[in-house]
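**Student:** Encoded as structure tokens, here's the structure I'll be asking about.
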Amino acid sequence: MKPDSWKALSRDEQNWIGDYLDGTIDPEAFASLQDRMKESPELRATMRRCLHIDDSLREFAEDSLADSSQSSIASWVDETPETIPFSETISSGSRRAIPVAIAAGLAFLLGLVFMFVASRPDSSSPVVENDEPSAEGFAALTRLFDAEWATDESHREGDTLGAESIHLASGTAEIQFFSGATMTVEGPSRISLKSAWEASCLEGAVRMQVPPAARGFKLHAPSSEIVDLGTEFGLVVREGKSHVEVIDGEIALRHRDEEETILEKGDALDLPVEGPSEKIENGRVSFPDAKRFDSRAIEQRRSDFDRWKSHRDSLAGDDRLIAYYTFDQRSNEPLIPNLALPRNPELDGATILAERVDGRWTGMKQALEFRRPGSRVRVNLPGEFSAFSFVAWVRIDSLDRWYNALFMADSYETGEPHWQIRDDGSMMVSVMVDDSRPNPKNPDGPAIRFQRLYFSPPMWDPSMSGQWLHLASVIDPQNKRVSHYVNGERISREEIKPEYYIDELRIGSAEIGNWGQPFREDPVFAIRNLNGRMDEIAIFKTALQDEEMASLYERSRSLR
């Protein structure tokens, strides 16, 4: 009996894997295997499991055969199965054949392992899969200029793109493929992305810049295929009619059933859907160029930043604020002023190891980065409060620890809050209900005590690394609920049950971006620093409602 994942393979696929492991695969079968693996994640997963078993058995055989080899294909399927072309990592001669006796023994042991694992009632695969983090996509939207999307689409700068079509109604967008190619698109345009090495222009105007590392990138028009040979070229498709022009370098062009043609700098062709290509004078078509928009973009960002400064000054006067920190002073002074009016210097923060970096407006506003384990901002916010609303602009680079601090009360005593992000991408906010009572779920753990944690659904994954997000959590004892928000939209709400109700809240000494419990005597501390940046944080002593949170997001966000 064999596992379902093995039985799901075709006979050819099973034979290819077996021959590969035996070192007897011929070049034709090897080419078929690599082509199929590009298309089938199931085949890659099964190959990965087989290679793990094979490599383990090879280690077992090392006492008998010192020269047993390891295959580079294992590193390909283990580490980067979606991004490294299979054909570039191995060749059919890269795996040395195993002597017949050892190969036979290994094959016999491999069969035993298959049967043993398959016979276990709780197993469906030969080995346990790695829970390695993964993300999807092979291109990113790097810059947008006055971009308006079709009614059924919405994209932002920094978005990762996969195998999909995008419809730019107007404006300009810059797309960087993970191969290294850069596409500048001018609306109205419809672009279909197929891989890091291939795309189609169905309608509109594009300009391609392809460095040597991305040589071989393919761009399709309705009746043509363009293979870039390390160059810069433009393509316009309107009503099915195409026009291509080489700006620098050269391209290989195949139009309809014509022979492949090499075009060099200055060459321009019309590419009708029904007729032959026609060489024409260059310069007749204007192609999008992101460089032309740079100065205009700077002016727009300046205007956008001035808009935010007006919002900042207005928000500072909100009498519901406990504290408001924007981190945008440009000096190296460690003091972080609390901008909430009336100004009270006693509520200012102190920066420790956190680094000043570019914020949401590069070159115009600063943020703080908390990438070092000891980085933090120390604050002291005395008083008693009836509710909390925590609001922050955050750029998460990774969630590489269990808990990632946003705002944490030091000693976590009765009525004090913790606001964090868990490693699965969910927001979590908690209040210590009674620090003198043990937690019923862990009565022997005095460090946990009687608290209540409220989680959002996962709202972040590695594909969002580097994106600015407007995060908020609201603790509302009066209405007995806790809510979480992302970009002004509520993503969860949970009832505060009677046993966890507490209406006398406080903060006292606390930290932004970390939790180090500075009053402990033991020098050891949990690593909870936020691996990312914070652009601003506001803490309110009332519970903001849905419409207020949406308005706060709209007034503080970047429009570019």
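**Student:** Does ASP319 satisfy being of a type in the set (Asp, Glu), under 30 Å from TYR501 (Cα atoms), surrounded by fewer than 22 Cβ atoms within 10 Å (Cβ to Cβ) and out of contact with any Lys or Arg (no Cβ under 6 Å at 6 or more places or on another chain)?
**Tutor:** Values: of a type in the set (Asp, Glu): yes; under 30 Å from TYR501 (Cα atoms): yes; surrounded by fewer than 22 Cβ atoms within 10 Å (Cβ to Cβ): yes; out of contact with any Lys or Arg (no Cβ under 6 Å at 6 or more places or on another chain): yes.
Yes.
**Student:** So which residues in region 373-389 are surrounded by fewer than 23 Cβ atoms within 10 Å (Cβ to Cβ) and assigned to a strand (DSSP E or B)?
**Tutor:** ARG378, ASN380, LEU381, PRO382, GLY383, GLU384, PHE385, listed by residue number.
**Student:** Within region 471-485, count every residue that is in contact with a strand residue (DSSP E or B) (Cβ under 6 Å, 6 or more places away or on another chain) and surrounded by 16 or more Cβ atoms within 10 Å (Cβ to Cβ).
**Tutor:** Of the residues in region 471-485, 9 are in contact with a strand residue (DSSP E or B) (Cβ under 6 Å, 6 or more places away or on another chain) and surrounded by 16 or more Cβ atoms within 10 Å (Cβ to Cβ).
**Student:** Can you name every residue in region 166-194 that is hydroxyl-bearing (Ser, Thr, Tyr) and either crowded, with 18+ Cβ neighbours inside 10 Å or touching a helix residue (DSSP H, G or I) at 6+ places or on another chain (Cβ under 6 Å) (or both)? Reasoning before the result, please.
**Tutor:** Within region 166-194, the first condition is being hydroxyl-bearing (Ser, Thr, Tyr), and the residues that meet it are 170, 172, 179, 182, 184, 189, 192.
Within region 166-194, THR172, SER179, THR182, THR184, SER189 qualify.
**Student:** Continuing with the same structure: Residues in region 323-338: is at least one polar (S, T, N, Q), modelled with pLDDT of 95 or more and touching a strand residue (DSSP E or B) at 6+ places or on another chain (Cβ under 9 Å)? Please lay out each step first, then the result.
**Tutor:** First pass over region 323-338, keeping only residues polar (S, T, N, Q): 326, 329, 331-332, 338.
From the residues that got through so far, the ones that are modelled with pLDDT of 95 or more too are 326, 338.
Narrowing further to those that are touching a strand residue (DSSP E or B) at 6+ places or on another chain (Cβ under 9 Å): 326, 338.
Checked region 323-338: at least one residue is polar (S, T, N, Q), modelled with pLDDT of 95 or more and touching a strand residue (DSSP E or B) at 6+ places or on another chain (Cβ under 9 Å).
**Student:** Quick one: SER426 ticks every box in (1) within 26 Å of LEU347 (Cβ to Cβ); (2) at pLDDT 95 or above bar one, so which box is it?
**Tutor:** (1)
**Student:** Might you let me know whether region 26-48 holds any residue that is over 26 Å from TRP197 (Cβ atoms), at pLDDT 55 or above and either among the aromatic types (Phe, Trp, Tyr) or part of a loop (DSSP other than H, G, I, E, B) (or both)?
**Tutor:** Applying the first criterion (over 26 Å from TRP197 (Cβ atoms)) to region 26-48 yields 26.
Okay, now just the ones that are also at pLDDT 55 or above, so 26.
Right, trim to either among the aromatic types (Phe, Trp, Tyr) or part of a loop (DSSP other than H, G, I, E, B) (or both) and you get 26.
Checked against the condition, which is being over 26 Å from TRP197 (Cβ atoms), at pLDDT 55 or above and either among the aromatic types (Phe, Trp, Tyr) or part of a loop (DSSP other than H, G, I, E, B) (or both), region 26-48 yields at least one hit.
**Student:** Any residue at all in region 262-270 that is at pLDDT below 95 and touching a His at 6+ places or on another chain (Cβ under 6 Å)?
**Tutor:** yes
**Student:** Provide a single number: the residues in region 286-330 that are of a type in the set (Phe, Trp, Tyr), over 23 Å from THR184 (Cα atoms) and in contact with a Ser or Thr (Cβ under 9 Å, 6 or more places away or on another chain).
**Tutor:** The initial filter retains those residues of region 286-330 that are of a type in the set (Phe, Trp, Tyr), namely 287, 293, 305, 308, 324-325, 327.
Now narrow it down to the ones that are over 23 Å from THR184 (Cα atoms): 305, 308, 324-325, 327.
Of the ones still in play, those that are also in contact with a Ser or Thr (Cβ under 9 Å, 6 or more places away or on another chain) are 305, 308, 327.
So the count comes out to 3.
**Student:** Just to be sure I understand the filter: pairs with C-beta atoms under 7 Å, separated by 6 or more residues or on different chains, first member in region 494-512 and in a helix (DSSP H, G or I), second member surrounded by 12 or more Cβ atoms within 10 Å (Cβ to Cβ). Which pairs pass?
**Tutor:** That search, which allows pairs on different chains as well, returns TYR500/VAL433; TYR500/ARG452.
**Student:** For GLN478, which of the numbered conditions (1) modelled with pLDDT of 95 or more; (2) in a strand (DSSP E or B) fails to hold?
**Tutor:** Against the list (1) modelled with pLDDT of 95 or more; (2) in a strand (DSSP E or B), GLN478 comes up short only on (2).
**Student:** If you don't mind, another one. If we keep just the residues of region 534-548 that are assigned to a strand (DSSP E or B) and among the charged types (D, E, K, R), which is surrounded by the fewest Cβ atoms within 10 Å (Cβ to Cβ)?
**Tutor:** Looking only at region 534-548, we keep the residues that are assigned to a strand (DSSP E or B), and these are 534-540.
Next, only the ones that are among the charged types (D, E, K, R) stay: 535-536.
Details: ASP535: 26, GLU536: 24.
The extreme case among them is GLU536.
**Student:** Could you grab the pairs with beta carbons closer than 9 Å, sequence gap of 6+ or different chains, first residue in region 242-259 and on the phi > 0 side of the Ramachandran plot, second one buried (at least 23 other Cβ atoms within 10 Å of the Cβ) and aromatic (Phe, Trp, Tyr)?
**Tutor:** Between residues of region 242-259 that are on the phi > 0 side of the Ramachandran plot and residues that are buried (at least 23 other Cβ atoms within 10 Å of the Cβ) and aromatic (Phe, Trp, Tyr), the close pairs are GLY249/PHE233.
**Student:** Residues to consider are ASP319, ASP304, ASP257; find the one that is at pLDDT below 95, outside any strand (DSSP E or B), of a type outside the set (Phe, Trp, Tyr) and in the same structural domain as MET534 (by TED's automatic domain parsing).
**Tutor:** Working: ASP319 fails: at pLDDT below 95; ASP257 fails: in the same structural domain as MET534 (by TED's automatic domain parsing).
Of the residues listed, the single one that is at pLDDT below 95, outside any strand (DSSP E or B), of a type outside the set (Phe, Trp, Tyr) and in the same structural domain as MET534 (by TED's automatic domain parsing) is ASP304.
**Student:** Shifting gears a bit: Consider GLY283 against the criteria (1) surrounded by 11 or more Cβ atoms within 10 Å (Cβ to Cβ); (2) at pLDDT below 85: it satisfies all of them except one. Which criterion is unmet?
**Tutor:** It fails just one condition, (1).
**Student:** Then there is this: Of all residues in region 224-249 being among the acidic types (Asp, Glu) and over 19 Å from ARG284 (Cα atoms), which is surrounded by the fewest Cβ atoms within 10 Å (Cβ to Cβ)? Walk me through how you get there before you give the answer.
**Tutor:** Start the filter on region 224-249 by keeping residues that are among the acidic types (Asp, Glu), which leaves 225, 228, 232, 239, 245, 248.
Remaining after also requiring over 19 Å from ARG284 (Cα atoms): 225, 228.
On the way: GLU225: 16, ASP228: 24.
This residue is GLU225.
**Student:** Determine whether region 303-315 contains at least one residue that is touching a residue at least 24 places away in the same chain (Cβ under 8 Å) and touching a helix residue (DSSP H, G or I) at 6+ places or on another chain (Cβ under 6 Å).
**Tutor:** Yes: region 303-315 contains one or more residues that are touching a residue at least 24 places away in the same chain (Cβ under 8 Å) and touching a helix residue (DSSP H, G or I) at 6+ places or on another chain (Cβ under 6 Å).
**Student:** On to the next question. Is it true that MET428 is in the same structural domain as ILE502 (by TED's automatic domain parsing), surrounded by fewer than 23 Cβ atoms within 10 Å (Cβ to Cβ) and in a strand (DSSP E or B)?
**Tutor:** Values: in the same structural domain as ILE502 (by TED's automatic domain parsing): yes; surrounded by fewer than 23 Cβ atoms within 10 Å (Cβ to Cβ): yes; in a strand (DSSP E or B): yes.
It is true that MET428 is in the same structural domain as ILE502 (by TED's automatic domain parsing), surrounded by fewer than 23 Cβ atoms within 10 Å (Cβ to Cβ) and in a strand (DSSP E or B).
The values are calculated or read from the model by the stated rules, or taken from the named source; none is laboratory data. Keep in mind that this is a model prediction, so the values were computed, not measured. Neighbour counts run over all protein chains shown; Cβ positions are idealised from the backbone, glycine included.
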